[in-house]
1. For segment 97-145, how many residues are outside any helix (DSSP H, G or I) and in contact with a Phe, Trp or Tyr (Cβ under 6 Å, 6 or more places away or on another chain)?
2. Evaluate the following for residue 171: is it touching a residue at least 12 places away in the same chain (Cβ under 8 Å), under 30 Å from residue 215 (Cβ atoms) and touching a helix residue (DSSP H, G or I) at 6+ places or on another chain (Cβ under 7 Å)?
3. Identify all residues within segment 182-210 that are of a type outside the set (Val, Ile, Thr), part of a helix (DSSP H, G or I) and either crowded, with 18+ Cβ neighbours inside 10 Å or in contact with a helix residue (DSSP H, G or I) (Cβ under 6 Å, 6 or more places away or on another chain) (or both); write none if there are none.
4. Say we look at segment 3-40 and pick out the residues that are among the small types (Gly, Ala, Ser) and farther than 16 Å from residue 73 by Cβ; which of these is surrounded by the most Cβ atoms within 10 Å (Cβ to Cβ)?
5. Please specify each residue of segment 144-159 satisfying the condition of being over 17 Å from residue 207 (Cα atoms) and surrounded by 12 or more Cβ atoms within 10 Å (Cβ to Cβ).
6. Looking at 252, 233, 266, can you tell me which residue is touching a Ser or Thr at 6+ places or on another chain (Cβ under 8 Å) and either surrounded by 14 or more Cβ atoms within 10 Å (Cβ to Cβ) or at positive phi (or both)?
Amino acid sequence: MAKKEIELTRRRFGSVLLTTLSIAGLLAAYVIYSPMYPRHAYLSGWALFAVMLFLTFFNLRKRVPFLRIGSASFWLQLHLYVGAFSGALFFVHIGWSWPAGIFHQLLACCFAVVFLTGVFGLWISRSFPRMLTDSGYETPFERIPYARSNLRQQAEALVLAGVDGHTSPVIAEFYAKNLGMFFTRPCNRWAHLRQSRAPQTAHAFQFDEVRRYARTGELEMLDQLNDLVGRKHMLDYQYSLQSALRLWLFAHIPLSYSLLIFSVLHIIIVYAFSGSAT
């Protein structure tokens with residue numbers, strides 16, 4: 001296992017070094033040769049378009065798994081490093097200045113959003129699975145609504161059962177005021193994404209307050225209800241991270257295809273109004 005980790009670290013270091021040198025070489029070539037070739041934007045534009053086509057092929061490679069052209073992990077790493085190179089190539093293509101014209105500005109914004117969603121996706125795909133594992137309470141995403149409904153039913157049954165067969169007005173009011181909606185739907189998504197424990201702290205304070213007015217039998221019921229609240233927080237944590245892992249693709253992939261379409265229109269417009277590219 002140690003040898004595999006060392007080999008993996010070496011490969012990643014080599015890939016990062018090669019990408020860094022490629023970006024440095026690109027920037028050096030731009031500084032040296034761009035004054036001599038006024039139409040260098042055509043060359044960098046076609047290179048950028050080819051890179052975007054290559055990056056889009058990664059998604060097609062996932063959709064056609066029977067194509068034995070390298071492993072999925074190999075293509076993922078290649079996608080990441082070529083994606084980083086595309087950022088530098090983009091700035092070289094626009095000449096390090098914001099483009100003029102609404103269409104070209106929209107095209108630049110589209111590229112920026114695709115690039116940034118890719119960086120965001122890289123971060124969450126590396127960090128969120130580890131956080132989910134460390135939480136020790138993993139539920140498949142498709143099962144989360146059923147698990148949430150089960151917790152709500154347990155909480156409501158507990159409140160209705162009451163103490164000695166009689167519903168406790170104190171706990172019933174506490175549940176209706178503070179916990180009814182909490183058990184019904186996902187809550188505190190942004191807090192969980194920020195790894196904040198503020199929602200748990202708020203509920204702990206509420207439980208401490210109601211315990212001051214509870215009787216002995218009600219205290220035991222509150223402890224059981226508090227345990228269900230803790231499990232619901234963990235379920236919301238799972239839902240927040242897993243939904244983020246899924247939703248970012250719904251932004252990154254469609255925007256990537258939109259970027260290709262806008263790029264084709266950009267090429268048509270450039271050649272239509274430039275006369276000749278030579």
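Only the coordinates and a few stated rules stand behind these numbers; no lab work does. None of these values were measured; they are calculated from a predicted model. Positions of Cβ are generated from backbone atoms using ideal geometry, with glycine treated the same way; all protein chains shown enter the neighbour counts.
1. If we filter segment 97-145 for residues that are outside any helix (DSSP H, G or I), which is where we start, we get 97-101, 136-140.
Add one more test, that the residue is in contact with a Phe, Trp or Tyr (Cβ under 6 Å, 6 or more places away or on another chain), and what stays is none.
Residues in segment 97-145 being outside any helix (DSSP H, G or I) and in contact with a Phe, Trp or Tyr (Cβ under 6 Å, 6 or more places away or on another chain): 0 in total.
2. Values: touching a residue at least 12 places away in the same chain (Cβ under 8 Å): yes; under 30 Å from residue 215 (Cβ atoms): yes; touching a helix residue (DSSP H, G or I) at 6+ places or on another chain (Cβ under 7 Å): yes.
Criteria met by residue 171.
3. If the condition is that a residue be of a type outside the set (Val, Ile, Thr), part of a helix (DSSP H, G or I) and either crowded, with 18+ Cβ neighbours inside 10 Å or in contact with a helix residue (DSSP H, G or I) (Cβ under 6 Å, 6 or more places away or on another chain) (or both), then 189, 191, 192, 193, 198, 199, 200, 203, 206, 207 are the ones that fit.
4. As a first pass, look at segment 3-40 and keep what is among the small types (Gly, Ala, Ser): 14-15, 22, 24-25, 28-29, 34.
Subset that is farther than 16 Å from residue 73 by Cβ: 22, 24-25, 28-29, 34.
On the way: 22: 16, 24: 11, 25: 11, 28: 10, 29: 13, 34: 14.
Top of the filtered list is 22.
5. Looking only at segment 144-159, we keep the residues that are over 17 Å from residue 207 (Cα atoms), and these are 144-154, 157.
Correct list: 144, 145, 147, 148, 149, 150, 151, 152, 154.
6. Numbers: 233 fails: touching a Ser or Thr at 6+ places or on another chain (Cβ under 8 Å); 266 fails: touching a Ser or Thr at 6+ places or on another chain (Cβ under 8 Å).
Only one candidate passes the filter, namely 252.
Residue-by-condition table, conditions (1) in contact with a helix residue (DSSP H, G or I) (Cβ under 6 Å, 6 or more places away or on another chain); (2) touching a residue at least 40 places away in the same chain (Cβ under 8 Å):
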{"residue": "7", "(1), (2)": "no, no"}
{"residue": "14", "(1), (2)": "no, no"}
{"residue": "18", "(1), (2)": "no, yes"}
{"residue": "22", "(1), (2)": "yes, yes"}
{"residue": "38", "(1), (2)": "no, no"}
{"residue": "53", "(1), (2)": "no, yes"}
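Condition check ((1) in contact with a helix residue (DSSP H, G or I) (Cβ under 6 Å, 6 or more places away or on another chain); (2) within 19 Å of residue 267 (Cβ to Cβ); (3) crowded, with 18+ Cβ neighbours inside 10 Å) across all residues:
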{"site": "73", "(1), (2), (3)": "no, no, no"}
{"site": "78", "(1), (2), (3)": "no, no, no"}
{"site": "89", "(1), (2), (3)": "yes, yes, yes"}
{"site": "92", "(1), (2), (3)": "yes, yes, yes"}
{"site": "96", "(1), (2), (3)": "no, no, no"}
{"site": "106", "(1), (2), (3)": "no, yes, no"}
{"site": "109", "(1), (2), (3)": "no, yes, no"}
{"site": "116", "(1), (2), (3)": "no, no, no"}
{"site": "123", "(1), (2), (3)": "no, no, no"}
